[in-house]
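The values are calculated or read from the model by the stated rules, or taken from the named source; none is laboratory data. The structure displayed is predicted, hence computed values, not measured ones. We place every Cβ from the backbone using ideal geometry, glycine too, and count neighbours over all the protein chains shown.
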């Protein structure tokens, strides 16, 4: 028994020490500032503005959006609105660059889709029945986008079965809260 204890201690001493530090929430954990040249939604009815660059195919397929054959990523901006008195979810807008209608401009056409709908809070994903999930109901009836609330600043895009969508080394299915600031024209 004593020999086994000595061997265990010796093995533990030979293992490399890993000094990992857990991520913690801090008082200065603030959303990133993003420059925009469009009107900025403001006021107590704005719950939050979130942006992300997810892979093209997943969300485009879910929303049945046309994309170019070489589409790698989309640029998404989600604005969630709330009732300013009750703070209950109301409307939402989702703007997607890279999918949708072709916008013609000299020398550089691109795709853009603006969707408006309603959002609500529902509970549960397969791995966590108590998880807080935002359900976006967009123009086509029964066409939902599910977003898992990671924390106040991060939303994870889920598929139609409320399972995590997997990105790659360059792009992820996350939307991060941002603070829009006006750009100089």
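Data for the structure
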read-out: Among (1) assigned to a strand (DSSP E or B); (2) closer than 22 Å to residue 93 by Cα - the single one residue 130 does not satisfy; value: (2)
read-out: Selection from segment 67-89 of residues that are under 19 Å from the mean Cα position of the chain (by Cα) and either farther than 15 Å from residue 171 by Cβ or assigned to a strand (DSSP E or B) (or both); value: 73, 75, 76, 77, 78, 79, 80, 81, 82, 89
read-out: Segment 31-66, residues that are assigned to a helix (DSSP H, G or I) and touching a strand residue (DSSP E or B) at 6+ places or on another chain (Cβ under 6 Å); value: 56, 60
read-out: Hey, residue 88 modelled with pLDDT of 95 or more and either closer than 17 Å to residue 57 by Cα or surrounded by 14 or more Cβ atoms within 10 Å (Cβ to Cβ) (or both) or not; value: no
read-out: Given (1) within 22 Å of residue 41 (Cβ to Cβ); (2) loosely packed, with under 15 Cβ neighbours inside 10 Å; (3) at pLDDT 90 or above, number of the condition residue 139 does not satisfy; value: (3)
read-out: All positions within segment 29-77 that are loosely packed, with under 12 Cβ neighbours inside 10 Å, without any contact (Cβ under 8 Å) to a residue 60 or more places away in the chain and at negative phi; value: 38, 39, 42, 44, 69, 70
read-out: Some residue of segment 96-107 being in a strand (DSSP E or B), within 18 Å of the chain's Cα centre (by Cα) and surrounded by fewer than 18 Cβ atoms within 10 Å (Cβ to Cβ); value: yes
read-out: Flag for residue 156 being at negative phi, surrounded by 14 or more Cβ atoms within 10 Å (Cβ to Cβ), outside any strand (DSSP E or B) and touching a strand residue (DSSP E or B) at 6+ places or on another chain (Cβ under 7 Å); value: no
